[in-house]
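The structure appears right after this line, and notes come after that.
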Amino acid sequence: MNAPRPADARVRQCVQRTVRADVQALRAYAVAPAGDCIKLDAMECPYPLPAPVRAELAQALAQVDIHRYPAASNAALQAQVRQAFGVPQQAGLLFGNGSDELIHLLVQTCCAPGEAVLSPWPSFVYFEMAARLDHARFVGVPLTADFQIDPQALLAAIAREQPKVVFLAVPNNPTGSLWPDEVIEQVLQAAPGLVVVDEAYQPFAGRSWMPRLMEHPNLVVLRTVSKIGLAGLRFGYLAGHPAWVAELDKARPPYNIDLLTQAALTVVLRHKAVLDEQAARLVADREPLARALAALPGVTVFPSAGNFVLLRVAGAQALHRALAARRILVRDFSSAHPLLADCLRVSVGTPDENAALLAALQDLLNA
Ligand SMILES: *Cc1c(COP(=O)(O)O)cnc(C)c1O
(Lines give C-alpha, C1' and ligand atoms only; values in the text may rest on other atoms or scores of the structure.)
Protein backbone atom coordinates (compact mmCIF):
# COMPACT_ATOMS: atom_id res chain seq x y z
CA MET A 1 0.00 0.00 0.00
CA ASN A 2 3.04 2.29 -0.01
CA ALA A 3 2.52 5.19 -2.39
CA PRO A 4 5.60 5.63 -4.61
CA ARG A 5 7.76 8.30 -3.06
CA PRO A 6 8.59 11.15 -5.43
CA ALA A 7 12.29 10.33 -5.07
CA ASP A 8 11.89 6.94 -6.84
CA ALA A 9 11.26 8.55 -10.21
CA ARG A 10 14.39 10.62 -9.83
CA VAL A 11 16.43 7.56 -8.92
CA ARG A 12 15.11 5.76 -11.99
CA GLN A 13 16.06 8.68 -14.22
CA CYS A 14 19.52 8.68 -12.77
CA VAL A 15 19.81 4.90 -13.23
CA GLN A 16 18.68 5.22 -16.84
CA ARG A 17 21.24 7.82 -17.78
CA THR A 18 24.06 6.16 -15.84
CA VAL A 19 23.85 2.37 -16.27
CA ARG A 20 25.15 0.95 -19.55
CA ALA A 21 22.33 0.68 -22.10
CA ASP A 22 23.26 -2.93 -22.91
CA VAL A 23 23.08 -3.85 -19.23
CA GLN A 24 19.69 -2.16 -18.86
CA ALA A 25 18.50 -4.28 -21.79
CA LEU A 26 19.65 -7.53 -20.14
CA ARG A 27 17.41 -9.72 -18.11
CA ALA A 28 18.91 -10.94 -14.84
CA TYR A 29 19.85 -14.63 -14.75
CA ALA A 30 16.56 -16.29 -13.83
CA VAL A 31 16.60 -18.69 -10.90
CA ALA A 32 13.17 -20.19 -10.29
CA PRO A 33 12.05 -20.28 -6.65
CA ALA A 34 12.21 -23.95 -5.73
CA GLY A 35 10.13 -24.32 -2.57
CA ASP A 36 9.21 -27.99 -2.17
CA CYS A 37 9.43 -28.66 -5.93
CA ILE A 38 11.19 -31.55 -7.61
CA LYS A 39 14.14 -29.63 -8.90
CA LEU A 40 15.41 -30.89 -12.24
CA ASP A 41 16.28 -27.53 -13.78
CA ALA A 42 19.84 -26.73 -12.71
CA MET A 43 21.95 -29.91 -12.90
CA GLU A 44 22.40 -30.01 -9.16
CA CYS A 45 23.22 -33.32 -7.56
CA PRO A 46 19.91 -34.52 -6.04
CA TYR A 47 21.67 -36.27 -3.15
CA PRO A 48 22.46 -34.28 0.01
CA LEU A 49 25.72 -34.95 1.85
CA PRO A 50 25.47 -37.87 4.32
CA ALA A 51 24.87 -36.95 7.96
CA PRO A 52 28.37 -37.93 9.24
CA VAL A 53 30.01 -35.66 6.66
CA ARG A 54 27.66 -32.85 7.65
CA ALA A 55 28.59 -33.31 11.30
CA GLU A 56 32.27 -33.11 10.43
CA LEU A 57 31.51 -30.02 8.37
CA ALA A 58 29.76 -28.33 11.28
CA GLN A 59 32.76 -28.96 13.52
CA ALA A 60 35.23 -27.64 10.97
CA LEU A 61 33.21 -24.50 10.29
CA ALA A 62 32.97 -23.77 14.01
CA GLN A 63 36.79 -23.49 14.09
CA VAL A 64 37.04 -20.89 11.35
CA ASP A 65 38.41 -17.50 12.40
CA ILE A 66 35.88 -15.55 10.44
CA HIS A 67 37.06 -12.22 11.85
CA ARG A 68 40.22 -12.59 9.74
CA TYR A 69 40.71 -12.27 6.00
CA PRO A 70 41.63 -15.52 4.27
CA ALA A 71 45.39 -16.15 4.16
CA ALA A 72 47.24 -15.22 0.99
CA SER A 73 48.26 -18.80 0.36
CA ASN A 74 45.97 -21.81 0.40
CA ALA A 75 48.68 -24.32 -0.42
CA ALA A 76 47.14 -27.13 1.63
CA LEU A 77 43.82 -26.85 -0.19
CA GLN A 78 45.68 -26.61 -3.51
CA ALA A 79 47.46 -29.87 -2.77
CA GLN A 80 44.17 -31.49 -1.81
CA VAL A 81 42.39 -30.32 -4.99
CA ARG A 82 45.35 -31.44 -7.11
CA GLN A 83 45.22 -34.87 -5.58
CA ALA A 84 41.40 -35.25 -5.58
CA PHE A 85 40.93 -34.21 -9.20
CA GLY A 86 44.10 -35.43 -10.91
CA VAL A 87 45.64 -32.05 -11.73
CA PRO A 88 49.13 -32.58 -13.22
CA GLN A 89 51.96 -31.66 -10.84
CA GLN A 90 53.52 -29.13 -13.25
CA ALA A 91 50.22 -27.31 -13.81
CA GLY A 92 49.25 -24.14 -11.99
CA LEU A 93 45.91 -23.86 -10.21
CA LEU A 94 43.57 -20.91 -9.80
CA PHE A 95 40.47 -20.98 -7.60
CA GLY A 96 37.26 -19.12 -8.40
CA ASN A 97 34.05 -18.26 -6.63
CA GLY A 98 32.30 -20.75 -8.88
CA SER A 99 33.73 -21.31 -12.33
CA ASP A 100 31.51 -18.41 -13.44
CA GLU A 101 34.01 -16.07 -11.79
CA LEU A 102 36.88 -17.76 -13.63
CA ILE A 103 35.06 -17.27 -16.94
CA HIS A 104 35.03 -13.53 -16.22
CA LEU A 105 38.72 -13.55 -15.25
CA LEU A 106 39.60 -15.28 -18.53
CA VAL A 107 37.82 -12.66 -20.61
CA GLN A 108 39.07 -9.74 -18.52
CA THR A 109 42.64 -10.95 -18.65
CA CYS A 110 42.78 -11.75 -22.37
CA CYS A 111 40.39 -9.42 -24.19
CA ALA A 112 40.80 -5.72 -24.85
CA PRO A 113 37.43 -4.09 -25.60
CA GLY A 114 35.97 -5.44 -28.85
CA GLU A 115 38.26 -8.47 -29.12
CA ALA A 116 36.55 -11.76 -29.81
CA VAL A 117 35.43 -14.55 -27.51
CA LEU A 118 34.24 -17.55 -29.50
CA SER A 119 32.27 -20.68 -28.69
CA PRO A 120 30.24 -23.31 -30.51
CA TRP A 121 26.64 -22.26 -30.00
CA PRO A 122 24.25 -22.88 -28.30
CA SER A 123 26.40 -23.59 -25.28
CA PHE A 124 26.72 -22.26 -21.73
CA VAL A 125 24.94 -18.87 -21.72
CA TYR A 126 27.43 -17.40 -19.28
CA PHE A 127 30.21 -17.46 -21.91
CA GLU A 128 28.25 -14.84 -23.83
CA MET A 129 27.16 -12.92 -20.73
CA ALA A 130 30.69 -12.64 -19.38
CA ALA A 131 32.06 -11.64 -22.79
CA ARG A 132 29.50 -8.87 -23.18
CA LEU A 133 29.81 -7.55 -19.63
CA ASP A 134 33.58 -7.48 -20.01
CA HIS A 135 33.37 -5.51 -23.29
CA ALA A 136 34.52 -8.34 -25.54
CA ARG A 137 32.76 -9.30 -28.76
CA PHE A 138 31.00 -12.64 -28.54
CA VAL A 139 30.94 -14.95 -31.57
CA GLY A 140 28.75 -18.06 -31.40
CA VAL A 141 29.38 -20.64 -34.12
CA PRO A 142 26.16 -22.59 -34.78
CA LEU A 143 26.06 -26.31 -34.05
CA THR A 144 24.49 -28.67 -36.55
CA ALA A 145 20.75 -29.36 -36.24
CA ASP A 146 21.45 -32.47 -34.16
CA PHE A 147 23.73 -30.49 -31.82
CA GLN A 148 27.07 -31.71 -33.08
CA ILE A 149 30.04 -29.45 -33.60
CA ASP A 150 30.63 -28.24 -37.17
CA PRO A 151 34.44 -28.39 -37.50
CA GLN A 152 34.60 -26.52 -40.81
CA ALA A 153 32.41 -23.66 -39.59
CA LEU A 154 34.31 -23.53 -36.31
CA LEU A 155 37.77 -23.43 -37.91
CA ALA A 156 36.62 -20.86 -40.48
CA ALA A 157 35.26 -18.65 -37.68
CA ILE A 158 38.51 -18.97 -35.73
CA ALA A 159 40.50 -17.93 -38.82
CA ARG A 160 38.14 -15.01 -39.48
CA GLU A 161 37.60 -13.68 -35.95
CA GLN A 162 41.03 -14.39 -34.40
CA PRO A 163 39.45 -14.94 -30.96
CA LYS A 164 41.52 -14.24 -27.88
CA VAL A 165 39.53 -16.89 -26.03
CA VAL A 166 37.70 -19.99 -27.31
CA PHE A 167 35.34 -21.66 -24.83
CA LEU A 168 34.56 -25.34 -25.41
CA ALA A 169 32.12 -26.85 -22.92
CA VAL A 170 32.97 -30.57 -22.95
CA PRO A 171 30.35 -32.09 -22.51
CA ASN A 172 28.27 -29.22 -23.83
CA ASN A 173 25.51 -27.58 -21.81
CA PRO A 174 22.56 -27.55 -22.63
CA THR A 175 22.84 -30.16 -25.39
CA GLY A 176 24.82 -32.89 -23.61
CA SER A 177 26.98 -33.44 -26.70
CA LEU A 178 30.64 -34.39 -26.35
CA TRP A 179 33.01 -32.81 -28.89
CA PRO A 180 35.39 -35.30 -30.52
CA ASP A 181 39.01 -35.14 -29.35
CA GLU A 182 40.21 -34.66 -32.96
CA VAL A 183 38.12 -31.49 -33.31
CA ILE A 184 39.39 -30.09 -30.02
CA GLU A 185 42.90 -30.90 -31.20
CA GLN A 186 42.25 -28.95 -34.42
CA VAL A 187 40.89 -25.99 -32.45
CA LEU A 188 44.00 -26.00 -30.23
CA GLN A 189 46.18 -25.93 -33.35
CA ALA A 190 44.15 -23.21 -35.10
CA ALA A 191 43.35 -20.84 -32.23
CA PRO A 192 45.63 -17.80 -32.01
CA GLY A 193 44.81 -17.35 -28.31
CA LEU A 194 43.65 -19.38 -25.35
CA VAL A 195 41.38 -22.45 -25.57
CA VAL A 196 39.35 -23.09 -22.43
CA VAL A 197 38.01 -26.61 -22.11
CA ASP A 198 35.16 -26.23 -19.60
CA GLU A 199 34.75 -29.63 -17.97
CA ALA A 200 31.83 -28.79 -15.64
CA TYR A 201 30.25 -32.16 -16.57
CA GLN A 202 33.46 -34.20 -16.86
CA PRO A 203 32.55 -36.42 -13.86
CA PHE A 204 29.63 -37.77 -15.90
CA ALA A 205 31.54 -38.17 -19.15
CA GLY A 206 34.54 -40.20 -18.03
CA ARG A 207 36.93 -38.37 -20.35
CA SER A 208 39.16 -35.43 -19.64
CA TRP A 209 41.71 -33.10 -21.14
CA MET A 210 43.32 -32.64 -17.73
CA PRO A 211 46.06 -35.28 -18.33
CA ARG A 212 46.96 -33.56 -21.64
CA LEU A 213 47.08 -30.09 -20.10
CA MET A 214 50.82 -29.60 -20.44
CA GLU A 215 50.97 -30.87 -24.05
CA HIS A 216 49.44 -27.70 -25.50
CA PRO A 217 50.73 -24.15 -25.00
CA ASN A 218 47.23 -22.63 -25.26
CA LEU A 219 45.05 -25.01 -23.24
CA VAL A 220 43.51 -24.48 -19.82
CA VAL A 221 40.91 -26.71 -18.17
CA LEU A 222 38.04 -25.30 -16.14
CA ARG A 223 36.20 -27.37 -13.54
CA THR A 224 33.56 -26.85 -10.88
CA VAL A 225 32.29 -28.81 -7.89
CA SER A 226 28.77 -27.47 -8.47
CA LYS A 227 27.51 -30.40 -10.51
CA ILE A 228 28.94 -33.08 -8.20
CA GLY A 229 27.03 -32.19 -5.06
CA LEU A 230 28.41 -28.83 -3.94
CA ALA A 231 26.49 -26.20 -5.93
CA GLY A 232 25.87 -24.19 -2.77
CA LEU A 233 29.57 -23.89 -2.00
CA ARG A 234 30.56 -21.75 -5.01
CA PHE A 235 33.91 -23.22 -5.90
CA GLY A 236 35.52 -23.70 -9.30
CA TYR A 237 39.11 -24.19 -10.37
CA LEU A 238 41.24 -23.63 -13.42
CA ALA A 239 44.30 -25.69 -14.25
CA GLY A 240 46.89 -24.59 -16.76
CA HIS A 241 50.52 -23.75 -17.34
CA PRO A 242 51.78 -21.54 -14.48
CA ALA A 243 52.44 -18.75 -17.00
CA TRP A 244 48.69 -18.52 -17.75
CA VAL A 245 47.74 -18.80 -14.10
CA ALA A 246 50.14 -16.00 -13.10
CA GLU A 247 48.44 -13.54 -15.47
CA LEU A 248 44.89 -14.61 -14.60
CA ASP A 249 45.70 -14.30 -10.92
CA LYS A 250 46.32 -10.56 -11.38
CA ALA A 251 42.64 -10.01 -12.26
CA ARG A 252 41.33 -12.17 -9.43
CA PRO A 253 39.58 -10.22 -6.68
CA PRO A 254 41.60 -10.65 -3.48
CA TYR A 255 40.01 -13.08 -1.01
CA ASN A 256 37.63 -14.48 -3.64
CA ILE A 257 37.46 -17.86 -1.88
CA ASP A 258 36.15 -17.27 1.61
CA LEU A 259 37.33 -19.16 4.68
CA LEU A 260 34.07 -21.05 5.14
CA THR A 261 34.24 -22.39 1.59
CA GLN A 262 37.88 -23.40 2.07
CA ALA A 263 37.11 -25.16 5.34
CA ALA A 264 34.06 -26.92 3.94
CA LEU A 265 35.89 -28.09 0.85
CA THR A 266 38.75 -29.42 2.94
CA VAL A 267 36.29 -31.63 4.81
CA VAL A 268 34.24 -32.75 1.83
CA LEU A 269 37.28 -33.67 -0.26
CA ARG A 270 38.31 -36.11 2.47
CA HIS A 271 35.11 -37.89 1.48
CA LYS A 272 35.57 -37.56 -2.26
CA ALA A 273 34.44 -41.18 -2.65
CA VAL A 274 30.94 -40.09 -1.61
CA LEU A 275 30.85 -37.55 -4.45
CA ASP A 276 32.17 -40.13 -6.91
CA GLU A 277 29.51 -42.64 -5.88
CA GLN A 278 26.75 -40.09 -6.33
CA ALA A 279 28.05 -39.18 -9.79
CA ALA A 280 28.23 -42.87 -10.75
CA ARG A 281 24.64 -43.34 -9.65
CA LEU A 282 23.50 -40.42 -11.81
CA VAL A 283 25.40 -41.81 -14.80
CA ALA A 284 23.77 -45.22 -14.26
CA ASP A 285 20.33 -43.61 -14.09
CA ARG A 286 20.86 -41.40 -17.15
CA GLU A 287 20.34 -44.00 -19.89
CA PRO A 288 17.17 -45.56 -18.38
CA LEU A 289 15.74 -42.03 -18.00
CA ALA A 290 16.70 -41.12 -21.58
CA ARG A 291 15.15 -44.33 -22.92
CA ALA A 292 11.92 -43.83 -20.97
CA LEU A 293 11.67 -40.21 -22.14
CA ALA A 294 12.26 -41.26 -25.74
CA ALA A 295 9.43 -43.79 -25.44
CA LEU A 296 6.92 -41.02 -24.64
CA PRO A 297 4.70 -39.91 -27.55
CA GLY A 298 6.34 -37.21 -29.69
CA VAL A 299 9.52 -36.92 -27.61
CA THR A 300 13.00 -36.87 -29.18
CA VAL A 301 15.94 -37.31 -26.80
CA PHE A 302 19.47 -36.23 -27.67
CA PRO A 303 22.42 -38.32 -26.48
CA SER A 304 23.99 -36.83 -23.35
CA ALA A 305 27.33 -37.25 -21.60
CA GLY A 306 26.23 -34.98 -18.71
CA ASN A 307 23.99 -35.39 -15.66
CA PHE A 308 21.07 -34.11 -17.72
CA VAL A 309 19.15 -34.85 -20.88
CA LEU A 310 17.94 -32.50 -23.61
CA LEU A 311 14.67 -33.42 -25.27
CA ARG A 312 12.47 -31.99 -27.98
CA VAL A 313 8.71 -32.14 -27.84
CA ALA A 314 5.97 -30.12 -29.55
CA GLY A 315 4.53 -27.51 -27.18
CA ALA A 316 7.59 -27.53 -24.90
CA GLN A 317 6.75 -24.14 -23.43
CA ALA A 318 3.25 -25.19 -22.34
CA LEU A 319 4.62 -28.48 -21.07
CA HIS A 320 7.22 -26.63 -19.00
CA ARG A 321 4.44 -24.58 -17.37
CA ALA A 322 2.23 -27.62 -16.82
CA LEU A 323 5.13 -29.45 -15.13
CA ALA A 324 5.79 -26.41 -12.93
CA ALA A 325 2.11 -26.41 -11.92
CA ARG A 326 2.73 -29.98 -10.77
CA ARG A 327 5.75 -28.76 -8.84
CA ILE A 328 8.32 -30.29 -11.20
CA LEU A 329 10.92 -27.81 -12.41
CA VAL A 330 12.77 -28.40 -15.69
CA ARG A 331 14.50 -25.84 -17.92
CA ASP A 332 12.73 -24.49 -20.98
CA PHE A 333 15.13 -23.58 -23.82
CA SER A 334 12.47 -23.16 -26.52
CA SER A 335 13.07 -19.44 -26.97
CA ALA A 336 16.79 -19.41 -26.12
CA HIS A 337 18.08 -20.17 -29.64
CA PRO A 338 16.43 -21.22 -32.94
CA LEU A 339 18.28 -24.57 -32.85
CA LEU A 340 16.73 -25.23 -29.41
CA ALA A 341 13.12 -24.75 -30.54
CA ASP A 342 10.79 -26.90 -28.41
CA CYS A 343 13.67 -28.15 -26.27
CA LEU A 344 13.53 -28.87 -22.55
CA ARG A 345 16.51 -29.83 -20.41
CA VAL A 346 16.02 -32.10 -17.42
CA SER A 347 18.61 -32.99 -14.81
CA VAL A 348 18.91 -36.62 -13.81
CA GLY A 349 17.32 -36.77 -10.36
CA THR A 350 16.85 -39.49 -7.78
CA PRO A 351 15.01 -42.59 -9.06
CA ASP A 352 11.81 -41.30 -7.39
CA GLU A 353 12.18 -37.86 -8.98
CA ASN A 354 12.82 -39.38 -12.41
CA ALA A 355 9.74 -41.57 -12.01
CA ALA A 356 7.62 -38.56 -10.99
CA LEU A 357 8.82 -36.63 -14.04
CA LEU A 358 8.06 -39.53 -16.37
CA ALA A 359 4.60 -40.08 -14.87
CA ALA A 360 3.74 -36.38 -15.18
CA LEU A 361 4.96 -36.19 -18.78
CA GLN A 362 3.12 -39.39 -19.68
CA ASP A 363 -0.05 -37.90 -18.25
CA LEU A 364 0.35 -34.50 -19.91
CA LEU A 365 1.31 -35.91 -23.32
CA ASN A 366 -1.62 -38.31 -23.38
CA ALA A 367 -4.09 -35.61 -22.36
C1 LIG B 1 27.12 -24.99 -14.50
C2 LIG B 1 28.22 -24.63 -15.42
C3 LIG B 1 29.28 -23.82 -15.00
C4 LIG B 1 29.18 -22.97 -13.76
O5 LIG B 1 29.57 -23.55 -12.65
P6 LIG B 1 29.73 -22.78 -11.28
O7 LIG B 1 30.99 -23.31 -10.75
O8 LIG B 1 28.51 -23.17 -10.50
O9 LIG B 1 29.79 -21.31 -11.51
C10 LIG B 1 30.35 -23.62 -15.85
N11 LIG B 1 30.35 -24.14 -17.08
C12 LIG B 1 29.32 -24.88 -17.54
C13 LIG B 1 29.38 -25.44 -18.92
C14 LIG B 1 28.22 -25.13 -16.72
O15 LIG B 1 27.18 -25.80 -17.20
Report summary line: Checked the stretch 46-162 against the a/c 1.5 cut and the a/b vs b/c comparison, axes a ≥ b ≥ c from its Cα gyration tensor; verdict prolate
Report summary line: Once all protein chains are kept in place, residue 214 shows an accessible area at probe 1.4 Å, nearest 10 Å², of 70 Å²
Query - Heavy-atom accessible surface of the stretch 85-227: percent carbon and sulfur, 1.4 Å - result: 52 percent
Report summary line: Each label sits 7 Å from Cα toward the beta-carbon; between residue 294 and residue 36 the label points are separated, in nm, by 3.6 nm
Report task. Keeping all protein chains in position, work out how much accessible area residue 255 exposes to a 1.4 Å probe, and write it in Å² to the nearest 10. Result -> 110 Å²
Requested in this report: From largest accessible area down, sort 45, 343; use a 1.4 Å probe on the protein chains.
Outcome: 45, 343
Query raised in the report: For the stretch 229-307 and the stretch 116-168, what is the separation of their C-alpha centers, rounded to whole Å?
Result: 22 Å
Query raised in the report: Over the chain, what is the mean sequence separation of C-alpha contacts under 8 Å (at least six apart), divided by residue count, expressed as relative contact order in percent?
Result: 22 percent
Query raised in the report: Ranked highest first by average number of other Cβ atoms within 10 Å, how do 289-298, 115-124, 172-181 line up?
Result: 115-124, 172-181, 289-298
Report task. Arrange the residues 56, 287, 215 by how much accessible surface each exposes, largest first, with a 1.4 angstrom probe. Result -> 215, 287, 56
Query raised in the report: Could you work out Rg/(2.2 N^0.38 Å) for the chain, with Rg from alpha carbons only?
Result: 1.04
Report task. Work out from phi, with θ = phi - 60° and the Karplus expression 6.51 cos²θ - 1.76 cosθ + 1.60, the ³J(HN,Hα) of each residue of the stretch 64-70, listed in order in whole Hz, and give x for Gly and Pro. Result -> 6, 7, 6, 7, 10, 5, x
Query - Gain in span if fully extended, residue 366 to residue 270, counting 0.36 nm per residue against the direct Cα distance - result: 29.8 nm
Query - Percent accessible area from carbon and sulfur atoms, the stretch 282-360, protein chains only, probe 1.4 Å - result: 59 percent
Report task. Apply the Debye scattering formula to the stretch 51-270, with a single equal point scatterer on each alpha-carbon and no solvent, then give log10 I(q)/I(0) at q = 0.08, 0.15 Å⁻¹. Result -> -0.29, -0.96
Query raised in the report: What order do you get for 132-142, 220-230, 10-20 when each peptide is scored by the mean count of other beta carbon atoms within 10 Å, highest first?
Result: 220-230, 132-142, 10-20
Query - Mean accessible surface per residue for the stretch 123-259, computed with a 1.4 Å probe while every protein chain stays in place, in Å² - result: 37 Å²
Report task. Taking H placed 1.01 Å from N in the peptide plane, check which residues at least 5 places from residue 118 or on another chain put their amide H under 5 Å from its amide H. Result -> 139, 165, 166, 167
Report summary line: Across 62, 200, 191, the residue with the highest GNM fluctuation in the chain (Cα network, 10 Å cutoff) is 62
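The values are calculated or read from the model by the stated rules, or taken from the named source; none is laboratory data. As the structure is a prediction and not an experimental result, all values here were calculated from the model. Cβ: placed from backbone, ideal geometry, glycine included. Neighbour counts: every protein chain shown. What goes into the accessible areas is simple: the full protein's heavy atoms, side chains included, and nothing from ligands, DNA or RNA. Shrake-Rupley method; radii C 1.70, N 1.55, O 1.52, S 1.80 Å.
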